[in-house]
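Here is the structure we will look at.
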Amino acid sequence: METKFQRVAKVSEFEEELKPKLVEVDGTSIGVYKVRGKYYAYENVCDHRGGPVCEGSVMGLVQCKVSANGRRLGDYVSDDKVALVCPWHGVEYDIETGVCFANRDLSLRRFDVKVEGEEIMVDLAREII
Amino acid sequence: MDNAVRQAEERGLHDMFIVDADCHLMEPFSVIAGKMEKRFRDIFFSPTMDQDPFFSSRIGVDERKFKAYDPAMNIRYKNRRKRTELTYPKPQTAEELVDLFTSRMLDFGIKRSIVFPTKMLDIGMDPRADFEVALTNAYADFMLENFLGRYPEILSPVFVPANSPDKAAELIERVGAEKGIVGVMVTSMTRALAGDDSWDPIYEAAEKKGLPFCMHCANFNSGILGGFDSFLGVHTLARPISAAAQVTSMIVSGVPERFPRLKFAIIEGGLSWIPWLMQRLDSVYLMRREEAPLLKKLPSEYMKEFYYTSQPLEYASNEDLQYVFHKINAENHLLFASDYPHWDFDLPSVIYDLPFLSEDAKRKILGENARKLFKIS
């Protein structure tokens, strides 16, 4: 398949992890993220109701501690899972896969990303399923 | 809200007559209280007067649990979400509300907004009946002075004190013919059920004025739902359960037969409970018909003549939604509603994008059904 990578950002713009950069590529709004050293690019459209998901919070997944018998003990923010949270309805996606945590039938359009030197590049023709 | 504006442009929604049959304002109680007698004004004089004067609605409720129920109060919820423009607004000024409903909603393709209050939806369980009468009258005056009849985009049913049916009828008589008033409204949380004979003055007055009777669903956290310590549990059940109880009451006591010219709309209960109730009511009616002697047809046939608003349109497969739409005669009796600006709002695309609807059905659900029901010009 022919690749069509386009420059969208510089590596130096992602010194702070989880801080996204919103870019427009060929008229498509895309959020670019760096998580644990790896880059991700998602279309800025929530699979639930079409909200601007990439304008939402990026944070540890809010989890609930449960007792041995399944009772709720209180909430905590996960150190392991990172969620991209749509600002419209609070639907949460795994930022490393684009798949919704609550309903795996929902997922974000994810595009191939590569790094060449200082340049971060995205290929809209290569959607990662 | 760029995505919402884009959705409207991509789908050509600006060329359609879209009516939002249920959206909300945050009541500026400081203004509304000014229209009430001093003894009622004093109820508002607390540090939270613009937030929640209805403390009585929480009597007997565990405050810790209450906080878990209310999304606006839930710390976890606030942290998870980042809303730039869309949020539970603070009490809005009249100017802000005019801008919202005459400008911003138009950007989403919505030409007419039928506006409901927010905090006042709790008033139906307030034990102070005279306060309910005073507040609903003051709210009607606030709406008429600032919006109704002044801006064609803003419409509203008159919110009546359901616990004082004679006073409710007086209010309908007083303002029911005013421009911009398009219905009569109560909430689903009331001390008597809607089929109780005591409610007849409300139905008579609404029928006389040619106004549809609208029941806006409300949350509750008492009885069996008082056991939940999550908003998820309460919100899943409270509105459809209260709507189901009120609709059952109305039908079993024959309200549609007693007021044959009156039209009924159930607001903000979602849709998935309706086929369930139709099937169950019909089944029990077969065995205990004599307890509903006024009925001339199956309960589900009356329910099919009711109108329902679409929000919150439960997220489901198209196959499941198609079944629900078929059961409720959605093409002719479903009204699009956004519930803007509340946390589980819907945009017109939730209807427009459904693949099993014809273009004609979409137009009807998004606006024409409401235009007919509420006599909107």
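None of the figures in this text is laboratory data; all of them are computed from the coordinates on show. Here the structure is a predicted model, which is why all the values come from computation and not from measurement. Neighbour counts are summed over all protein chains in view; Cβ atoms, including those assigned to glycine, are modelled from backbone coordinates with ideal geometry.
Miscellaneous remarks
- Each peptide among B:251-258, A:83-90, A:9-16, A:118-125 gets the average number of other Cβ atoms lying within 10 Å of its residues, and from highest to lowest they stand as A:83-90, B:251-258, A:118-125, A:9-16.
- Rounded Å value of the spacing that divides the Cα centres of region B:99-173 and region A:1-41: 47
- Less than 5 angstrom separates the built amide H of A:ILE128 from those of A:ARG110, A:PHE111, A:ASP112, all sequence-distant by 5 or more or on a different chain.
- Kirkwood's formula applied to the C-alpha pairs of region A:5-128 gives a hydrodynamic radius of 15.1 angstrom.
- Taking the square roots of five times each eigenvalue of the Cα gyration tensor of region B:207-299, the equivalent ellipsoid has semi-axes of 26, 18, 10 Å, listed largest first.
- Intensity falloff of region B:2-373 expressed as log10 I(q)/I(0), Debye formula with alpha-carbon point scatterers, at q = 0.14 Å⁻¹: -1.30
- A convex hull fitted to the Cα coordinates of the protein assembly as shown yields 170 cubic angstrom per residue.
- Taken over the C-alpha atoms, region B:191-233 has Rg and Dmax values of 15.4, 44 angstrom.
- B:GLY180 long-range amide H proximity, modeled H, under 5 Å: B:GLY149
- Neighbourhood net charge (12 Å Cβ-Cβ; Lys/Arg +1, Asp/Glu -1) for B:MET16: +3
- Chain A - Cys residues lacking any other Cys C-beta under 4.7 Å: A:CYS54, A:CYS64, A:CYS100
- Counting 0.36 nm for each residue step from B:LYS208 to B:PHE17 and taking away their Cα separation leaves a gain of 65.9 nm.
- The Cα center of region B:314-377 and the Cα center of region B:234-267 differ in position by 19 Å.
- All lysines inside 26 Å of B:LYS364 as judged from Cα atoms, apart from same-chain residues fewer than 8 positions distant: B:LYS111, B:LYS179, B:LYS209, B:LYS263, B:LYS304, B:LYS327, B:LYS372, B:LYS375
- Extension gain for the segment B:SER272 to B:LEU106, taken as residue separation times 0.36 nm less the Cα-Cα distance, is 56.9 nm to one decimal.
- Helices in chain B that qualify as membrane-span-like (whole DSSP H runs, Cα extent of at least 27 Å along the helix axis, mean Kyte-Doolittle hydropathy of -1.0 or higher) are B:231-252.
- Cβ-derived FRET efficiency at R0 41 Å, B:GLU319 paired with A:LEU18, nearest 0.05: 0.60
- Cα→Cβ-extended label distance, 7 Å offset, between A:ARG71 and B:GLU359, nm: 6.1
- For region A:34-47, Karplus couplings with θ = phi - 60° (6.51, -1.76, 1.60), whole Hz, Gly/Pro x: 10, 9, 6, x, 10, 9, 9, 9, 10, 5, 7, 9, 6, 6
- Vicinal HN-Hα couplings computed from phi for region A:12-21 (Karplus, 6.51 cos²θ - 1.76 cosθ + 1.60; Hz; Gly/Pro x): 5, 7, 10, 4, 9, 5, 6, 8, x, 10
- The string of couplings for region B:16-30 from the Karplus curve (6.51, -1.76, 1.60, θ = phi - 60°) is 9, 8, 9, 10, 8, 7, 7, 9, 10, 10, 9, 5, x, 5, 4 Hz, one whole number per residue in order, with x for Gly and Pro.
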